[in-house]
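See structure below.
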Amino acid sequence: MKAFYVVGTHWDREWYEPFQEFRRWLVELIDELIDLWRKNPAYGCFHLDGQTIVLEDYLEIRPERKEELLILIREGRLIVGPWYNLPDEWLVSGEALIRNLLRGKRLCENLNIPRMNFMYTPDQFGHIAALPMLAAGFGLLAGICWRGTQDETHPAHFVWIGPDGSRVAWHKLIDKGSYAGFDFGVRRPLKESNYDFSILPGLFDRYFSEESGRSAVPVVLMLDAVDHQRPDPRMPEILEALRAHRPDIEFLWASLETFGEEIARNADALPERQGELRMPCRDANRFAQYLIVHTLSSRYDLKQRNDRCQALLEYWAEPMTVLESMCGLERPSGFLDKAWQYLLCCHPHDSICGCSIDQVHRDMHYRFAQTEQLAEGIIQRAMASIAGATASASTWERLAVHNPLPQNRNGIYNLQIFVPSDFGETSRTVFLDGLATGERFNRFRLRDCHGREIPYQHVRVSRRQERKRLNELGRLDTQVGDIYEIAAQLELPGCGYTTVTVEPCMEATRTWGTLLSGPTEADNGLVKVSIGPAGEIEVRHHESGITYTGGLLYQDQADAGDGWTWGPILNDLDIRSYGSPVTTALVENGPLRVTFEIHRRLNIPESLCFEDEIRRSQVKTALEIVDHVTLQKGDPLVRIRTTVNNTVKDHRLRVLLPLPWKVDSSFADTPFAVVERSAIPPEGAEIWHERWNAETAFTTFFGVAGGSGGMAVISEGGLHEYALLNQPVPSLALTLFRAFRKTVGKPAESDGQLQGPLEFSYAIYPFSGKFNPVVAYQLAMDLRVQPRSHTVTKDAPEYRSFLRLECGQAVVTALKPAEDGSGAVIRFWNPTADPLTDGFKLDRPFKNVWACRMDETPLYPLQPGDGFVPVRIDPYGTATVKFTWF
């Protein structure tokens, strides 16, 4: 029997204290370790929580100890990596998880220090199904988990199988011991006895009997790594006493990597498990082993901003950097690197989950702002250099419209056209649709790069506005002019741009035609949407023949919880929006797009009262909810944009979408896995200590499927919590936000109440037959990545497509500069059960092409045929390809 003693600390970088206070603790900890090793070389290795960011945090304060620190890491005394920091797994994108691991790997390589070869995830709030696939993609031989599992369902050691079939040996921490089982069971009570070694045998035998009984292989992990822990100088003495007490056990003071090597050697003898880990805590004796699901809806403002920043980097800044490089222009890579650094610092679970004190989350907003500014600077300069931007006052008739995605797109998109304020008068194209009265606007046609007329409809005109225009340097010039916002039907090339020409004319160019099929209904041939008198919507999907009625019902409930958990109360006033005052209006009406506005006012208790009982206040206030429901030509989506002026405290607001049939399961996407989830609670869950919650996570979409079709909900960003409610009328429930007062260690703070205006965007996607996740992802990208436009010079190329997909069978999750600074990397993901072949072409010859692991380690060369690189993607797997060009 081997017993691996592994000691370290779990380092929450910010939580119940802000970052700078916890950084002081970190500096004190590492200084203490360095001094301890000088005095007592018998003290073994110490883990810094699987992170590398701690090195940056320490060395910014203690640069004079850099070499001393690095020597200790190279000697194997201080263990770091593989992560940059420990991220939440549900609230960040799959690519953000990869960037995190890549940054941890690169930091170690730059410092010439070893990276721990072990997937350390000890305290995340459950685990995604693709975690073993990520581990395998970075060559990590083993991993660890705790929350989301139960001793009854998972042994101490098992082989976790990823969606793609990757197999990684995994250790499950004991429920009641967390990542500090040895500390709680042995070392802490010994320390509290003032190191009375006579009690050590009893403490250890009890602890070891439980641990060794959890596995069929003779390997035990004695993990001692509780939050912000300092080293115990007497631990070498304790280990020697245990060796004397139990000579039948081989005790090793070791690293997690060494322990991982041992369980990996025994992998053939281990049971197998597959799928996500998200089971709640069974009883109160399991040391707070809570799953904690409602962080998904805490502090919506953080989630919304994080998703926007991820989209800016993954879908704009990274691809545009690659395209600019293909044009021969190399800019400093540090801007993109710094943008990712700021964003990744927001991804630890106590940060992005919204369960820390207010100051922590205010600091996050600063980091989001830095990410946005850096990303916008990258995007602007790339657009300007690729397409030939100009902000000349006399040059405005020609626009470049950029699409950073690798697939061609055809749809209805908004364009903003800058027009000199006096142009209508000087060109005599000004038009009054009421002949002598009415709104004045200029008459013009739009033509594409082939000279074909582009259909469009007016959205709004803003006159004599100060606006920013992109100049040839990628900077923004301020000019005064009129802004014509239009909705146009555009064909956009993959990874490139097309040009649109504004052609003044003398004929009337009013919006003509409509998608309306009734006073409050619209039909685009694919979907019919109707608005009812209570503000409810009915969605009719023509191909499947399914009608969904009663949608956009709002539910408002009390929330006496905190950043971790929704707190229901016994005597709640569970409010539904039916019966509330509703006004319906038509705000866009044309042949390309129709938008209805539904304005409702709910009478809601203004807060909770905490007196002799917790109850909702008798004082009520108006909660204003405005929905914009949009249907576009040729679009299978019903797009919804909701604005809530939140004047209420201590409540949860969600929107209900009733279903026409009863279903027992739903589907949802998570990073690199689309999962099926049962809506039926596990047997006995009604008496478990932690409530089994219907609410659960999604990254981009969720939905249900029936015999002839189904319905999915696709989020534009910020929304990550849904539930399938099998009530008398089954419904999908989408949580918009929770407003709460309690924060960790404080009775109340203000920011979690989210007072003021909030905006939410998502779409209803009815489908026929079997759900196709690839199509859903393509629709989601079209929703999240709106084209950008700017004026260009008259001699700029009319059309450019640097890279394009040939098949479009798989999902492209990344197009980024290669980590080694040479060429680019494209990643395909196959979310289906069938093997797929996809591929891509460049507008120039390939130089070299390699199939790689996720961490961009080359595996074997690929041979382009006729300029096309075919890529095979296994079922549920990914394929990463690095390429260079001439």
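Quick notes
- Taken as a whole, region 399-416 holds no residue that is over 27 Å from T630 (Cβ atoms) and in contact (Cβ under 8 Å) with a residue 60 or more places away in the chain.
- Index of the failed condition, T153 passing every other in (1) assigned to a loop (DSSP other than H, G, I, E, B); (2) in contact with an Asp or Glu (Cβ under 7 Å, 6 or more places away or on another chain); (3) open to solvent by 10 Å² or more (accessible area, probe 1.4 Å): (2)
- Screening region 204-259 for residues that are aliphatic (A, V, I, L, M) and part of a strand (DSSP E or B) and picking the one that is most open to solvent (accessible area, probe 1.4 Å) gives L252.
- Of all the listed residues (E690, E695, E686), the sole one being at negative phi and touching a strand residue (DSSP E or B) at 6+ places or on another chain (Cβ under 8 Å) is E695.
- Per-region count, region 427-470, residues open to solvent by 70 Å² or more (accessible area, probe 1.4 Å) and at pLDDT below 90: 7
- Flag for S333 being closer than 29 Å to N403 by Cα and of a type in the set (S, T, Y): yes
- The residue of region 276-289 that is nearest to D669 (Cα to Cα), among those that are open to solvent by 20 Å² or more (accessible area, probe 1.4 Å) and under 22 Å from the mean Cα position of the chain (by Cα), is E276.
- Any hit, region 171-180, residues being farther than 29 Å from H689 by Cβ and either touching a strand residue (DSSP E or B) at 6+ places or on another chain (Cβ under 9 Å) or not charged (D, E, K, R) (or both): no
- Restricted to region 389-400, and to residues there that are of a type outside the set (V, I, T) and closer than 17 Å to Y799 by Cα, the residue that is most open to solvent (accessible area, probe 1.4 Å) is E397.
- Residue, surrounded by the most Cβ atoms within 10 Å (Cβ to Cβ), within region 815-849, restricted to residues that are in contact (Cβ under 8 Å) with a residue 60 or more places away in the chain, closer than 25 Å to E491 by Cβ and in contact with an Asp or Glu (Cβ under 7 Å, 6 or more places away or on another chain): F840
- Residue among E28, E32 that alone is acidic (D, E), in contact with a Pro (Cβ under 8 Å, 6 or more places away or on another chain) and not in a loop (DSSP other than H, G, I, E, B): E32
- When region 589-616 is filtered for residues that are open to solvent by less than 10 Å² (accessible area, probe 1.4 Å) and in a loop (DSSP other than H, G, I, E, B), the ones remaining, listed by number, are G590, L592.
- Helices (runs of 4 or more DSSP H) wholly inside region 280-381 that include at least 2 residues being of a type in the set (D, E), touching a residue at least 60 places away in the same chain (Cβ under 8 Å) and closer than 22 Å to R13 by Cβ: 300-311
- Residues of region 648-678 that are open to solvent by less than 60 Å² (accessible area, probe 1.4 Å), touching a strand residue (DSSP E or B) at 6+ places or on another chain (Cβ under 8 Å) and farther than 30 Å from R615 by Cβ: L659, V663, S665, S666, F667, A668, D669, T670, F672, V674, V675, R677.
- Scanning region 844-867 for residues that are outside any strand (DSSP E or B) and out of contact with any helix residue (DSSP H, G or I) (no Cβ under 8 Å at 6 or more places or on another chain) returns P845, T857, L862, Q863, P864, D866, G867.
- Residues of region 272-300 satisfying the condition of being under 21 Å from R654 (Cα atoms) and small (G, A, S): S297, S298
- Filter pass, E536 being farther than 30 Å from Y16 by Cβ and touching a strand residue (DSSP E or B) at 6+ places or on another chain (Cβ under 6 Å): yes
- Among the residues making up region 335-357, a single one is closer than 15 Å to L86 by Cα, among the polar types (S, T, N, Q) and buried (at least 24 other Cβ atoms within 10 Å of the Cβ): S351.
- Residue under evaluation D751, criteria (1) among the acidic types (D, E); (2) under 17 Å from S297 (Cα atoms); (3) touching a strand residue (DSSP E or B) at 6+ places or on another chain (Cβ under 6 Å); (4) surrounded by fewer than 21 Cβ atoms within 10 Å (Cβ to Cβ), criterion not met: (3)
- Pairs, first within 9 Å of V7 (Cβ to Cβ) in region 218-230, second outside any strand (DSSP E or B) and at pLDDT below 95, C-beta under 8 Å, six or more apart: L223/G177
Condition check ((1) open to solvent by 30 Å² or more (accessible area, probe 1.4 Å); (2) in contact with a Ser or Thr (Cβ under 6 Å, 6 or more places away or on another chain); (3) modelled with pLDDT of 95 or more; (4) among the polar types (S, T, N, Q)) across all residues:
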position: D363; (1), (2), (3), (4): yes, no, yes, no
position: E376; (1), (2), (3), (4): yes, no, yes, no
position: H402; (1), (2), (3), (4): no, no, yes, no
position: P406; (1), (2), (3), (4): no, no, yes, no
position: R409; (1), (2), (3), (4): no, no, yes, no
position: Q416; (1), (2), (3), (4): yes, no, yes, yes
position: D422; (1), (2), (3), (4): yes, no, no, no
position: E425; (1), (2), (3), (4): yes, no, no, no
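- With respect to (1) open to solvent by less than 10 Å² (accessible area, probe 1.4 Å); (2) in a loop (DSSP other than H, G, I, E, B), the lone exception for Y554 is condition (2).
- Taking each residue of region 183-198 that is under 24 Å from F287 (Cβ atoms) and open to solvent by 40 Å² or more (accessible area, probe 1.4 Å) and looking for partners that are of a type in the set (G, A, S) and at pLDDT below 95 with beta-carbon atoms closer than 8 Å, six or more apart or interchain, yields F184/G177; F184/S178.
- Tabulated pairs, region 631-657, first under 11 Å from L736 (Cα atoms), second open to solvent by 10 Å² or more (accessible area, probe 1.4 Å) and among the aromatic types (F, W, Y), C-beta under 9 angstrom, 6+ apart or interchain: R652/W566
- The set of residues from region 159-180 being within 22 Å of S212 (Cα to Cα) and open to solvent by less than 10 Å² (accessible area, probe 1.4 Å) comprises V159, W160, V168, A169, W170, H171, K172, L173, D175, G177, S178, A180.
- Applying the criterion of being hydroxyl-bearing (S, T, Y) and part of a loop (DSSP other than H, G, I, E, B) to the residues of region 562-588, the residue that is nearest to R738 (Cα to Cα) is T565.
- Filter result for V638 (open to solvent by less than 40 Å² (accessible area, probe 1.4 Å) and either on the phi < 0 side of the Ramachandran plot or among the hydrophobic types (A, V, I, L, M, F, W, C) (or both)): yes
- Residue count for region 35-58, restricted to those that are open to solvent by 30 Å² or more (accessible area, probe 1.4 Å) and assigned to a helix (DSSP H, G or I): 4
The values are calculated or read from the model by the stated rules, or taken from the named source; none is laboratory data. None of the values given here were measured: they were computed from a predicted structure. Neighbour counts run over all protein chains shown; Cβ positions are idealised from the backbone, glycine included. With ligands, DNA and RNA removed, areas are computed over all heavy atoms of the protein, side chains included. Shrake-Rupley method; radii C 1.70, N 1.55, O 1.52, S 1.80 Å.
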